[in-house]
Amino acid sequence: MSDDGRGSMLAQPLRPPSIGRFAAYVGLFLLGTIVALAGALLQSAWFPGGLLLGLAGAAGLFLGGAHAMASRAGAVAPVLGWVVAVLLLTAPRPEGDFLFGVGGGSYLFLLGGMVVAVICATVGAGTPAGGGPVRLGK
């Protein structure tokens, strides 16, 4: 039981986010799509460095969103934007064009991005912002 007497967070009723918080999640979603597009272009243009730079940018956005929103949902919103953009970019067009070329770099970007997304969403907001280490059992 927490100090305020309301119980566990899991026992609380769901409350919709405020308008500002919802707008921040939408902004993070859109930033996730932009990072996916930039990473897709960068990894193919400059292979080893571009791949690492694209994945580092995605990881920075995912972790930054988690810390900015002080919740794991802050990491999930840009991850969803990244995944939607990557899925749309891998689909071939009727003309036969597609953004991702066939090669190891594209697959490393897709799989590496998914691994980075899972790690960042899991680790996300591990410690509360501005709070020190918490001792259990006090």
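No value in this document is a laboratory result; all are computed from the given coordinates. The shown structure was predicted, so the numbers you read here are calculated from the model rather than taken from an experiment. Here the Cβ is made from the backbone with ideal geometry for all residues, glycine too, and neighbour counts use every protein chain on show.
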Whole-Hz Karplus couplings 3J(HN,Hα) for region 41-53, θ = phi - 60° and coefficients 6.51, -1.76, 1.60, Gly and Pro as x, run 6, 6, 5, 7, 7, 9, 3, x, x, x, 4, 5, 5
Could you give the length gained on full extension between V26 and V123, defined as 0.36 nm per residue of separation minus the Cα-Cα distance, in nm? 32.8 nm
Please compute the modelled spin-label separation between M114 and L88, points set 7 Å along Cα→Cβ, answer in nm with one decimal. 2.0 nm
